[in-house]
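Everything below concerns the one structure shown next.
The values are calculated or read from the model by the stated rules, or taken from the named source; none is laboratory data. None of the values given here were measured: they were computed from a predicted structure. Using ideal geometry, Cβ is built from the backbone for each residue, glycine included, and neighbour counts are taken over all protein chains shown.
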Amino acid sequence: MALALPKKVTIIEVGPRDGLQNEKSFVPTAVKKEFIFKLKEAGLTEMELTSYVSPKWVPQMKDAGEIAAACIHSSTRDIILAPNQKGIDKVYETDCKAVAVFVGVSDTFNLKNINKTTAESLAGLRPAIRDLKKRGFFVRACISTAFYCPYEGKIQEEDTLSLCREFVRMGVDELSVADTIGMAVPSEAFSLFQKLQEAFNDTLIAAHFHDTRKLAAANVFAALQAGITRFDTSAGGLGGCPFAPGAAGNAATEDIVYMFERMGIKTGIDLAILLEAIEIVAPHITKNIDSSYYKLSHQI
């Protein structure tokens, strides 16, 4: 029996935002800009550029305004994360037309992250999303701790589905469903994403995996088999979450692109230029680039 494979997939690059947010040393703004421009040159047309969050808690994002001013372009979907109305108001001052909001399925994760329960977070976002949609924004809802929580353990599928259902009712355009701490296995990824596809087939759904246990690529493939064709990845496998102890980097863009292209699935991404983008940011980060494709490219 042949594998069920789509002809193409969409990669949403989250390196400039999710990839760098947990980096201990501040990456110069000029380097971030060059990184983003090179990623776009590589063919990445959807990207999380930055986030309007408190620089006290996420100092890496203190230059969000400068990044937004320099890097937003009408030819690409450039997304800014804005967790609350204060952040959304700042987005309104830019040329951005795509916003990401986030809520964790786990109450404990939410309380440690934004000092609100899941229900309180939803209540606060409801009028904000309504206004964003009235203004013609693309709204992406990031669902954290969709599989496991570092504080509460395993998350029930119905709890994740219930949170997604609330966002769909609010009118979001996309659900980005995340294995925040990288504990999911392929059978769990297939099961949840199959249910999400069946329940919300009129909403874009993206799979977001972290590579804590080196299962990100396997989980991406499982989600692909469940019908998902949109995937969040981070150049160089950069990433982590300041509020999720133990979370490793995201699925590496170059590894996932290599896998898809070898399988005959088009991504529209030039791997050689993608490696050039990683070389721009690599000298400015404290962790080693751990992706297989990147490491092998340096042995040739």
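What to note about this one:
- Filtering 130, 165, 135, 126 for residues that are surrounded by fewer than 23 Cβ atoms within 10 Å (Cβ to Cβ), under 16 Å from residue 197 (Cβ atoms) and basic (Lys, Arg) leaves a single hit, 165.
- Single unsatisfied condition, residue 119 versus (1) among the aliphatic types (A, V, I, L, M); (2) outside any strand (DSSP E or B); (3) touching a residue at least 24 places away in the same chain (Cβ under 8 Å): (3)
- Out of 16, 6, one residue alone is at pLDDT 95 or above, in contact with a Ser or Thr (Cβ under 9 Å, 6 or more places away or on another chain) and in a helix (DSSP H, G or I). It is 16.
- Matching option when the condition is buried (at least 19 other Cβ atoms within 10 Å of the Cβ), at pLDDT below 95 and among the hydrophobic types (A, V, I, L, M, F, W, C), among 101, 53: 53
- Residue list for the range 145-158, filter: free of Cβ contacts under 8 Å to residues at least 60 places away in the same chain and under 19 Å from residue 223 (Cβ atoms): 146, 147, 148, 154, 155, 156, 157, 158
- Here the condition is being more than 17 Å from residue 14 (Cβ to Cβ), without any contact (Cβ under 8 Å) to a residue 60 or more places away in the chain, assigned to a helix (DSSP H, G or I) and aliphatic (A, V, I, L, M); of 259, 183, it holds for 259 alone.
- Unmet requirement for residue 219, which otherwise passes all of (1) more than 14 Å from the chain's Cα centre (by Cα); (2) surrounded by 24 or more Cβ atoms within 10 Å (Cβ to Cβ); (3) within 28 Å of residue 276 (Cβ to Cβ); (4) modelled with pLDDT under 95: (4)
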